1. Restricting to the stretch A:305-326, count the residues that are among the hydrophobic types (A, V, I, L, M, F, W, C) and within 7 Å of chain B (Cβ to nearest Cβ).
2. Among the numbered criteria (1) more than 10 Å from chain B (Cβ to nearest Cβ); (2) assigned to a helix (DSSP H, G or I); (3) under 30 Å from B:Val168 (Cα atoms), which single criterion is violated by A:Ile290?
3. Check A:Ile208, A:Ile271 and return the single one that is out of contact with any Cys (no Cβ under 8 Å at 6 or more places or on another chain), more than 13 Å from every other protein chain (Cβ to nearest Cβ), among the aliphatic types (A, V, I, L, M) and surrounded by 21 or more Cβ atoms within 10 Å (Cβ to Cβ).
4. Report whether or not A:Ala131 is surrounded by 13 or more Cβ atoms within 10 Å (Cβ to Cβ), among the small types (Gly, Ala, Ser), in contact (Cβ under 8 Å) with a residue 40 or more places away in the chain and assigned to a helix (DSSP H, G or I).
5. Restrict the check to the stretch B:281-303 and report whether at least one residue is outside any helix (DSSP H, G or I) and surrounded by fewer than 23 Cβ atoms within 10 Å (Cβ to Cβ).
6. Out of the residues in the stretch B:162-178 meeting the condition of being aliphatic (A, V, I, L, M) and in a loop (DSSP other than H, G, I, E, B), tell me which one is farthest from the other protein chains (Cβ to nearest Cβ).
7. If A:Phe168 satisfies every condition in (1) within 30 Å of B:Met280 (Cα to Cα); (2) within 11 Å of chain B (Cβ to nearest Cβ); (3) in contact (Cβ under 8 Å) with a residue 24 or more places away in the chain; (4) aromatic (Phe, Trp, Tyr) but one, which is the exception?
8. Report the residue count in the stretch B:243-280 for those that are in a helix (DSSP H, G or I) and either of a type outside the set (Gly, Ala, Ser) or in contact with a strand residue (DSSP E or B) (Cβ under 8 Å, 6 or more places away or on another chain) (or both).
Amino acid sequence: MGGITIGYFLRRLAIFFLTIWIAATVIWLIPRLAPGDPITAMVGRMIQQGGSVENSAAIIEGWRERFGLNDPLPVQYVRYLGNIIRFDFGYSLAYFPTPVSQIVGQALPWTLGLLLLATSITFLLGNFLGALMAWRGTPRLAKLLIPVGMVFTSLPSILAAIFLLYIFAFLLDWFPLSGSYGRGMKPGLTLEFIGSVIHHGTLPALAIVIVSFGYWALGMRGMMITVEGEDYMHLARAKGLNPFYVLYRYMVRNAILPQITAFAITLGTLISGQVLVEYIFVYQGMGSVIFTAIRNQDFAVIQGTSFFLIVLTALAVLIIDLVYPLIDPRISHERS
Amino acid sequence: MTTTNTSPDKMVVLPTQAPKAKTMGRFNRWDTPWLNTKLITGISIITAILLLGIIGRLFWDTNLAFTATSPLNLPPPGFVNSRGQAGTWEHPLGTENSGRDMLALIIVGAPNSFLIGVIAAGVGMTVGIILGFSAGFIGGRVDDFIRIISDVTITIPTLMVLIVIQSVLKQIELSTMALLIALFAWPHPTRLIRAQVLSMRESGYVKMARLSGASTFSIMFREIMPNLIPYLFASFIGNATGAILAAVGLETLGLGPQRVPTLGGTIYFAIGSAALLRNMWWWWGFPTLLLALMFIGLLLTNLGFDEIANPRLRQSSQ
């Protein structure tokens, strides 16, 4: 059995909270090291924006009270940590009485759906191509063509998104230019709605896939080459096993495991990339929320959304780390 | 987070060990791993873009990169915009909707992106070398601490943190942005160097040096460091790519430096003004294309260094 001990589990859980604590502290601290008080600046912006709002003074007073502007910094810091632990980020400034958590909640399913879909396609495709690149049975033509496709790997997802949008949505008009489902459509489990969601989601997903599959392919190729040199490979071949059986059971099975750890490490980059793609496609996930919030200088929403994504990433990494020993029996977390 | 996730392909493979030569050709002076096609292509692309930025300044008026210095919305010569205006050779790459010349924008913007990459990666590498060597050599609690902190930092989505920070700071300078990005650029080199130092520490030549009475400092920098150089280069390029990526992301979201023109900032304005729908492809197209080239160049350079550092990758790539 995989070697998850209580000790490992607790240690891993501690690291999870440490990650969130460090991220939260950096977010809180650095703006305060900069000249000028961010909250004063924000209230100033509110005064500008709220010129026509009847009770703007009361709102500002409420916010001053809420942020505890007059309290010493350590008190503010502790209160801040207390608030974010409960996912209480206050209210959106642009859509005033709406709590930030509600805005995040509405965008979350879209982001998660797109992320899961695009990531699974990427992972499968990348590892498949990477395995082909290293396998000696691969046709020559494929070995020549796959590296060409890797050129896209280097592109930031946002550039790929712009190119795809221009070619397939603007020039060819195959896909819609923006949004995540047809305008005026009622979300529900109808065939029409699901079709529309797929139609709208194809390009954003494609943008994520083409920029990231190469990363997995490269890693997989490296691992396959390492596995190729192992003695048991010679034995398997000497036994006269079917080459496909050797490829699947001996090479891929061993080579893919470190890829899962690599996946945990790149998750942060992946989510950042997706946020930008969503923004380009005006997909109604976290990316659009963040961009709208930046435009409206809606600091509470920016902070809430970003922090939520950070927690989401840390959580995913935690899950991968806990599940990994079950998949890879060679790993054992008991201290030897 | 597991202690065992150093991938085996990054184990001790000394760059000086050439792959088994089939003939005596290994004594040919041109048969050196440093003459790597990918590396040369990559470096050429990067140099070309840098030259565009450096030489371009001599031949093109960079003041045209500011607003209201040129006619609005002009396409490149040979094309006509939606209002029927034809492009002129005075603005070979066209102009955008607030009267900025695209060529000037690119000439000023491209080196800025590299600058951010170099600053952030430079700071990240320096911290990484210090922490990586300390972790690998001192070991014990120091190693535990450095390992945990770098494992933790590496999983934080950098862009998210930077978005929050930069949305609070109203004005941001190029160098400030680079330093903020550098805050997250050290864990990768730290992990890499730590792993290498750990495996090299037990190797024969280091033991030999220790027996001959070499100081720790001299072992670190005379014995181990030279063997790490291809790794360090690859890591530096990877880091610079990551930094430029983060910078471009922030700029396209409208959070970049406002006083200097940047490629990402140009894309931000283009998207904000619906350049796609107005079919002003030259506006978003040139910066996007240049950035794409830049990233391809960086990737090829990185792959080149990887192959130099790891002969096993080289062998099978033929």
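The values are calculated or read from the model by the stated rules, or taken from the named source; none is laboratory data. Everything numeric in this text was worked out from a predicted model, so none of it was measured. As a convention, Cβ positions derive from the backbone with ideal geometry for all residues, glycine included, and neighbour counts pool all protein chains shown.
1. 4
2. (1)
3. Numbers: A:Ile271 fails: more than 13 Å from every other protein chain (Cβ to nearest Cβ).
The unique qualifying residue is A:Ile208.
4. yes
5. Scanning the stretch B:281-303, I find no residue that is outside any helix (DSSP H, G or I) and surrounded by fewer than 23 Cβ atoms within 10 Å (Cβ to Cβ), so the answer is no.
6. If we filter the stretch B:162-178 for residues that are aliphatic (A, V, I, L, M), which is where we start, we get B:162-165, B:168-169, B:172, B:174, B:177-178.
Applying the additional criterion that residues be in a loop (DSSP other than H, G, I, E, B) yields B:169, B:172.
Values: B:Leu169: 5, B:Ile172: 9 Å.
By that ranking, first place goes to B:Ile172.
7. All conditions are met except number (2).
8. Of the stretch B:243-280, the ones in a helix (DSSP H, G or I) are B:243-252, B:263-272.
Add one more test, that the residue is either of a type outside the set (Gly, Ala, Ser) or in contact with a strand residue (DSSP E or B) (Cβ under 8 Å, 6 or more places away or on another chain) (or both), and what stays is B:244-245, B:248, B:250-252, B:263, B:266-269, B:271.
Qualifying residue count for the region: 12.
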